[in-house]
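We did not get these values from a lab; they are worked out from the coordinates using the rules stated. Worth saying up front: this structure is predicted, and the values here are computed from it rather than measured. Every residue, glycine as well, gets a Cβ built from its backbone with ideal geometry; the counts of neighbours run over all protein chains shown.
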């Protein structure tokens, strides 16, 4: 692994900034940054933004100084670069626009809806997140659109709102995170009952809608919706679509997961990650909707097997 840093040349907030990257491991990048006083808030999807005053100290600590173009090419070659198109659709403004698009016109609730949207986006932008970030939210929403366009049944509106909440609380505690996210959905949506109007409906939001969103969030704890739970299938399939990605994208996902749990020692991480992979591989059906099965079932099985083998080998 090589840590790379380019010259301070990017102006913002009254100073110049460098980029700190790794050409092989997000986990090692995060570990290096934390060890040398670069906070998680400086992480921007695939690199750290470092003020000019820290440049020389990081070079002394082991980062290799390179020109900006070299750094960019090495990052791209590593497979961990997040392209601009992904950044744009996962930007705060783009996500807030998508949240607003879920809601129809109404009186007296717009400010509350906007506040709820800002709260959610800020949660997805928390600095400890690497995979479960605003990119995952945007990916999940895009995947839902694809499944619906391909004819998957279920309530697209309830599924979309549930995806907004499904990892809104992410502290790395299996099941508890989903329970807290479901409780957050009830807490934020509850006061809007009778006031907010779903975009695809004629009636105002009611308590049954809120209960359904909370239920759908909990589906993502086990990714095992009931056989006729079409909307649960939409949510679960959208959340797990990354498992069926092409190999480079899956490799980036796996690297992001490792970095997100960077505080966990290697041996413990391998054991915990292996348990997750075994649970997913052991599901009767990883995907439930026909479009998801046809798109992702076979590549997902290959990806899960390959990562499991790598974990066993200690890689």
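Spatially, region 151-194 and region 61-113 are offset by 21 Å when compared through their Cα centroids.
Note on residue 249 and residue 57: the model spin-label points, each 7 Å out from Cα along the C-beta direction, lie 3.9 nm apart. Based on the Cβ-Cβ distance of residue 41 and residue 267, what FRET efficiency does E = 1/(1 + (r/R0)^6) give at R0 = 30 Å, to the nearest 0.05? For R0 = 30 Å, the calculated efficiency reads 0.55.
To two decimal places, what compactness ratio does region 83-315 give when its Cα radius of gyration is scaled by 2.2 N^0.38 Å?
1.01
By per-residue mean of other Cβ atoms within 10 Å, what is the highest-first order of 24-31, 110-117? Can you show the working numbers first?
Numbers: 24-31: 20.6, 110-117: 15.5.
Result, highest mean Cβ count within 10 Å first: 24-31, 110-117.
Counted residue by residue at 0.36 nm each, then reduced by the alpha carbon distance between them, the extension gain from residue 77 to residue 9 reaches 22.3 nm. Sorting 280, 189 from the fewest to the most surrounding beta carbons within 10 angstrom yields 280, 189. Model label points for residue 297 and residue 31, set 7 angstrom from Cα along the Cα-to-Cβ axis, are 3.9 nm apart.
Here 32, 269 are placed in order of increasing Cβ neighbour count within 10 Å, fewest first, which gives 269, 32.
Once the Cα atoms are used to define both axes, helix 134-149 deviates from the longest principal axis of the chain by about 40 degrees. Between the Cα long axis of helix 156-165 and the first principal axis of the chain there is an angle of about 40°, rounded to the nearest 10.
Put simply, the Cα atoms of region 3-81 extend 32, 26, 23 Å along their principal axes, the longest span coming first. Once the C-beta distance of residue 91 and residue 146 is scaled by a Förster radius of 22 Å, the resulting FRET efficiency is 0.60 to the nearest 0.05. Take the Cβ atoms of residue 285 and residue 306, set R0 to 22 Å, and the FRET efficiency comes out at 0.60.
Over the residues of the chain, the helix contribution to mean residue ellipticity at 222 nm works out to -18500 deg cm²/dmol, using -39500 (n - 2.57) for each DSSP H run of at least 4. Helix 92-101 sits at what angle to the longest principal axis of the chain, using alpha carbons and giving 0 to 90 degrees rounded to 10? Taking Cα atoms only, the helix is inclined about 10 degrees.
Counting neighbouring Cβ atoms within 10 Å and putting the fewest first, the residues 285, 47, 158 line up as 285, 158, 47.
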